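Colleague: I have a structure I would like to understand better, so I am pasting it below and will then ask my questions one at a time.
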2 protein chains.
Amino acid sequence: MLDTAPQTYTRADEAFDCLQTAIVKGDLAPGDKIGELDLCSRFDLTRGPLREALGRLESRGLLVRRPHAGVRVVSLSASELVELYRIREVMEGLAARQAAERMTDQEIADLRATLDAHETMIDEAHGQAYYQAEGDYDFHHRIATGSRNTKLAQMLLGDLYYMVRMYRYRLSTSAGRPHRALGEHRRILEAIAQRDGELAEFLMKRHINAARKNIEKKIQEGVLTI
Amino acid sequence: MLDTAPQTYTRADEAFDCLQTAIVKGDLAPGDKIGELDLCSRFDLTRGPLREALGRLESRGLLVRRPHAGVRVVSLSASELVELYRIREVMEGLAARQAAERMTDQEIADLRATLDAHETMIDEAHGQAYYQAEGDYDFHHRIATGSRNTKLAQMLLGDLYYMVRMYRYRLSTSAGRPHRALGEHRRILEAIAQRDGELAEFLMKRHINAARKNIEKKIQEGVLTI
DNA sequence: CACGTCAACATTGTCGACAAACTATGCTGG
DNA sequence: CCAGCATAGTTTGTCGACAATGTTGACGTG
């Protein structure tokens, strides 16, 4: 009965997942014109389920489609990428506030354990990219679900995060950022643990604001070519 | 080349629009189990395009689908409806702020004209429901597009507004609310005209907050049965 | 030599039929 | 009389073929 446990996995779902991960991982680069037949042979699918999956992806904004002219992977401009972070700022701020009000003590404990794991991970990898790619995502993922706001979690997990991850793979992590980000995560967690929703919202907004500025800087430096 | 001018209208698009309006208008009530064959005969479509449209609607959260078991119109609980307004609050606050920074003078003039039209409309209809259903939507619509934030506008116009409108049709408008809402709209407009993004955001958030409280009151009164 | 036009091609959109899965009804047994 | 199971029926998921449209290349003309 839970939406996280789909008993039967349909072909269209399979196609959807395959394409989504392929786009996020960069196997299908932004701007690529992808033919339906190519995709069918690549993922061993038929065109029916594939087209259904394409429709879903298009609706989520990961693909753009022009009738009779094929489908392309969405290509965000630099400004559009920045705008994405502005949306994240307000939405995740809300998520943090509601999470502070609604997360169970158990969930908070788990989140703390997760951050501990991230810390050792960063130390071992000497601040390598892994944290930015997965650990950060994990933290924000838990906050979103912890908000107990179904639609909010759906929009964050289903739409925004995929788009962000899609470009994050190409962002070379700056040297000290993982450590600093972890510190910010810890402070957000403590605000949540103290059930201080207002503070949690403030800290989360500032956290994402910092990430946005980091990206803007890289764009100006020309490190990030879009 | 503009996305607002689709040269060719495909059958799937047609199906998508039909279903969306049918859901929003209430022809397909929340919780209804709808069979694919019924829909095909009702809208004179074939199952291929229909399924594609269903996939899109599902991805947007207007439908829920269980494999091999059919598709139902989403049925929001009272709390979920309220949560929707919390999301609107932060997202439209952002939209108002960015609109204040980016709308052209012409767009602002048009918006002002729109509000004038709404005023005469309300006076003529003695504060009838029409304003709540269409006029309010129009105002928020213009703010969203005026933000020049593609993804933000897409999420508001493509996702949230449809869900809100779907339940708004069942909300009997309270007597004095249209007039008060119009006043709030005017103040938001003036903040935008003065390019005061911060104020515009604050006023918009308060405006939607008021709408949320209005709904919460009605739910408590038992007027709104969900 | 450049531009516009036309035609063949490839790709997408659409359709109808087959196979798999869930639901419901009726039956049997306790 | 109620519970559980089996079977029939309906609905959904999937597939392959046909039709419509955009694209690309070549050709002729100004």
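Colleague: Could you count how many residues in the stretch A:4-28 are open to solvent by 30 Å² or more (accessible area, probe 1.4 Å), more than 10 Å from chain B (Cβ to nearest Cβ), out of contact with any Phe, Trp or Tyr (no Cβ under 6 Å at 6 or more places or on another chain) and in a loop (DSSP other than H, G, I, E, B)?
Modeller: Result for the stretch A:4-28: 3.
Colleague: Let me spell it out: the conditions are (1) farther than 30 Å from A:S147 by Cβ; (2) among the small types (G, A, S); (3) within 14 Å of chain B (Cβ to nearest Cβ), and A:A95 meets all of them except one. Which number is the exception?
Modeller: Only one criterion is unmet by A:A95, namely (1).
Colleague: Among the residues of the stretch B:155-205, write down those that are at pLDDT below 95 and of a type in the set (S, T, N, Q).
Modeller: Of everything in the stretch B:155-205, those that are at pLDDT below 95 and of a type in the set (S, T, N, Q) turn out to be B:S172, B:T173, B:S174.
Colleague: If I ask for residues that are open to solvent by 20 Å² or more (accessible area, probe 1.4 Å), away from chain B (no Cβ under 13 Å) and assigned to a helix (DSSP H, G or I), which ones from the stretch A:139-171 would you list?
Modeller: Correct list: A:H141, A:R142, A:T145, A:R165, A:R168.
Colleague: Of everything in the stretch A:63-81, what is of a type in the set (G, A, S) and either more than 12 Å from DNA strand C (Cβ to nearest atom) or open to solvent by 50 Å² or more (accessible area, probe 1.4 Å) (or both)? Give them in sequence order. Spell out the reasoning first.
Modeller: In the first step, residues of the stretch A:63-81 are kept if they are of a type in the set (G, A, S); the result is A:69-70, A:75, A:77-79.
Residues satisfying the conditions are A:S75, A:S77, A:A78, A:S79.
Colleague: Does any residue of the stretch B:82-91 turn out to be surrounded by fewer than 22 Cβ atoms within 10 Å (Cβ to Cβ), at pLDDT 90 or above, away from chain A (no Cβ under 14 Å) and at negative phi?
Modeller: No, the stretch B:82-91 contains no residue that is surrounded by fewer than 22 Cβ atoms within 10 Å (Cβ to Cβ), at pLDDT 90 or above, away from chain A (no Cβ under 14 Å) and at negative phi.
Colleague: Please identify the pairs in which a residue from the stretch B:35-62 that is of a type outside the set (D, E, K, R) and open to solvent by 20 Å² or more (accessible area, probe 1.4 Å) has its Cβ atom under 8 Å from the Cβ atom of a residue that is within 13 Å of DNA strand C (Cβ to nearest atom) and not in a helix (DSSP H, G or I), counting only partners at least 6 apart or on another chain.
Modeller: What qualifies is B:G35/B:G70; B:P49/B:T10.
Colleague: Right, something else. Quick one: which helices (runs of 4 or more DSSP H) sit completely within the stretch B:29-106 and have at least 2 residues that are out of contact with any Ser or Thr (no Cβ under 9 Å at 6 or more places or on another chain) and within 16 Å of DNA strand D (Cβ to nearest atom)? If you could, list the steps in order and put the result at the bottom.
Modeller: Numbers: elements: B:36-43, B:47-59, B:78-102.
Where helices (runs of 4 or more DSSP H) fall fully within the stretch B:29-106 and carry at least 2 residues being out of contact with any Ser or Thr (no Cβ under 9 Å at 6 or more places or on another chain) and within 16 Å of DNA strand D (Cβ to nearest atom), they are B:36-43, B:47-59.
Colleague: Let me ask another. Determine which member of the set A:A29, A:A100, A:A96 is modelled with pLDDT under 90 and away from DNA strand C (no atom under 11 Å from the Cβ).
Modeller: Values: A:A100 fails: modelled with pLDDT under 90; A:A96 fails: modelled with pLDDT under 90.
Criteria check complete, one pass: A:A29.
The values are calculated or read from the model by the stated rules, or taken from the named source; none is laboratory data. The model shown is predicted, which means the values in this text are computed figures rather than measured ones. Cβ coordinates were reconstructed from backbone atoms using ideal geometry, including for glycine residues, and neighbour counts include every protein chain displayed. These accessible areas exclude ligands, DNA and RNA; they are computed on the full protein's heavy atoms, side chains included. Shrake-Rupley method; radii C 1.70, N 1.55, O 1.52, S 1.80 Å.
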